[in-house]
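K.L.:
Dumping the structure here so I can ask a few things about it.
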Amino acid sequence: MSEKIIRKYIPLTEATYYILLSMVEPIHGYKLMQNVEEMTNGKVKLGPGTLYGATSKLVKDEIIEQVITEDERRKSYKLTNLGKEILKLEYERLNLLVDNGKEIINNLEA
């Protein structure tokens, strides 16, 4: 089943990529939105609706899981092993894109 899920997610959307990057450790929604905005220097801002929709789908597909925290008022999430695998695959895919374009872009400047 995980191979089918992986094919469904790769390539990740920009929002999902940053959500997964933020969930390496348990994190609640508001902190996650702040984290993504900070990580992207304000270029990516997640709204509550986007975050709620994404986390619901990611939990359903077992890419993230809800964790119990001391503050029971806030739902916190973290990556599952499948989520870690998807994040690594997307990172490798993005690196390949950059590596393949680097020489061509550098030649444009010459």
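K.L.:
Failed condition for Arg74, given (1) in contact (Cβ under 8 Å) with a residue 12 or more places away in the chain; (2) part of a helix (DSSP H, G or I); (3) open to solvent by 100 Å² or more (accessible area, probe 1.4 Å), with all others met?
P.N.:
With (1) in contact (Cβ under 8 Å) with a residue 12 or more places away in the chain; (2) part of a helix (DSSP H, G or I); (3) open to solvent by 100 Å² or more (accessible area, probe 1.4 Å) applied to Arg74, the lone miss is (2).
K.L.:
Out of the residues in region 10-19 that are touching a helix residue (DSSP H, G or I) at 6+ places or on another chain (Cβ under 9 Å) and closer than 16 Å to Thr50 by Cβ, state the one that is surrounded by the fewest Cβ atoms within 10 Å (Cβ to Cβ).
P.N.:
So, considering only residues that are touching a helix residue (DSSP H, G or I) at 6+ places or on another chain (Cβ under 9 Å) and closer than 16 Å to Thr50 by Cβ, the one surrounded by the fewest Cβ atoms within 10 Å (Cβ to Cβ) is Thr13.
K.L.:
Name the pairs whose Cβ atoms lie under 9 Å apart, with the first residue in region 5-16 and touching a residue at least 60 places away in the same chain (Cβ under 8 Å), the second part of a loop (DSSP other than H, G, I, E, B) and open to solvent by 30 Å² or more (accessible area, probe 1.4 Å), and 6 or more positions between them or separate chains?
P.N.:
Short answer, once both residue conditions are applied: Ile5/Glu62.
K.L.:
Okay, next question. Name the single residue that is surrounded by the fewest Cβ atoms within 10 Å (Cβ to Cβ) among those in region 52-71 being of a type in the set (Ser, Thr, Tyr) and in contact with a helix residue (DSSP H, G or I) (Cβ under 9 Å, 6 or more places away or on another chain).
P.N.:
Tyr52
K.L.:
Would you pick out the residues in region 20-51 that are touching a residue at least 40 places away in the same chain (Cβ under 8 Å), in contact with a helix residue (DSSP H, G or I) (Cβ under 6 Å, 6 or more places away or on another chain) and under 21 Å from Leu89 (Cα atoms)?
P.N.:
Leu20
K.L.:
Given the residues Asn35, Asn95, which is the only one that is closer than 25 Å to Ser2 by Cβ and of a type outside the set (Asp, Glu)?
P.N.:
Asn95
K.L.:
Let me ask something else. Give the residue that is most open to solvent (accessible area, probe 1.4 Å), with candidates limited to residues of region 77-99 that are within 13 Å of Tyr9 (Cα to Cα) and among the aliphatic types (A, V, I, L, M).
P.N.:
The selected residue is Leu89.
K.L.:
Quick check on this structure: which one of Lys84, Lys57, Lys4 is assigned to a helix (DSSP H, G or I), closer than 24 Å to Leu97 by Cα and modelled with pLDDT of 95 or more?
P.N.:
So the residue among Lys84, Lys57, Lys4 that is assigned to a helix (DSSP H, G or I), closer than 24 Å to Leu97 by Cα and modelled with pLDDT of 95 or more is Lys84.
The values are calculated or read from the model by the stated rules, or taken from the named source; none is laboratory data. As the structure is a computational prediction, the values presented were derived from the model and not from experiment. Using ideal geometry, Cβ is built from the backbone for each residue, glycine included, and neighbour counts are taken over all protein chains shown. When the accessible area is computed, the model is the full protein with side chains, heavy atoms only, and any ligands, DNA or RNA have been set aside. Shrake-Rupley method; radii C 1.70, N 1.55, O 1.52, S 1.80 Å.
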